[in-house]
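In what follows, a single structure is set out as C-alpha cells and then discussed.
The values are calculated or read from the model by the stated rules, or taken from the named source; none is laboratory data. Note that the structure is predicted; figures quoted are calculated from it, not measured. Using ideal geometry, Cβ is built from the backbone for each residue, glycine included, and neighbour counts are taken over all protein chains shown.
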Amino acid sequence: MSAGSRLSFTWAEQQPEAFSDRGRKDLRAIYGLHALHYERSGPVWLLTLGGTVPADVAAIVIAHQNIAGVGDCLFANGPSQTWRWAE
C-alpha cells in the first residue's frame, strides 16, 4: 500500500459516513469512501478507459432521459456510480 493510499484510507476512516448508526466502524463505507475519486474542485467523473469528463458535462449527460443509473451507489439514496444508455 502506498503512502497516498494509507493517507486516503486514514481520511476515510475519520469521516462521519464511516460509522454505523450504532457508532461502530463500517468497513464497507470506509472502502467506499477510499475508492471515490476527488480533487480539490470536487468529484471526478471517469470514463471506463480512465479519461475524465468535466463535471458540468457529466451533469448534462446524466440529466438526459435515455441515461439511467444502474443502482450501484455507495450510500443509500445517493447517485449511481455507473450510468448506461437506455432505449
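Figures for the structure shown
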read-out	value
Residue match in the stretch 4-15 (condition: exposed (fewer than 10 other Cβ atoms within 10 Å of the Cβ), in a helix (DSSP H, G or I) and at pLDDT below 70)	yes
Qualifying positions in the stretch 17-40 - modelled with pLDDT of 65 or more and within 17 Å of Cys73 (Cβ to Cβ)	Glu17, Ala18, Asp26, Arg28, Ala29, Ile30, Tyr31, Gly32, Leu33
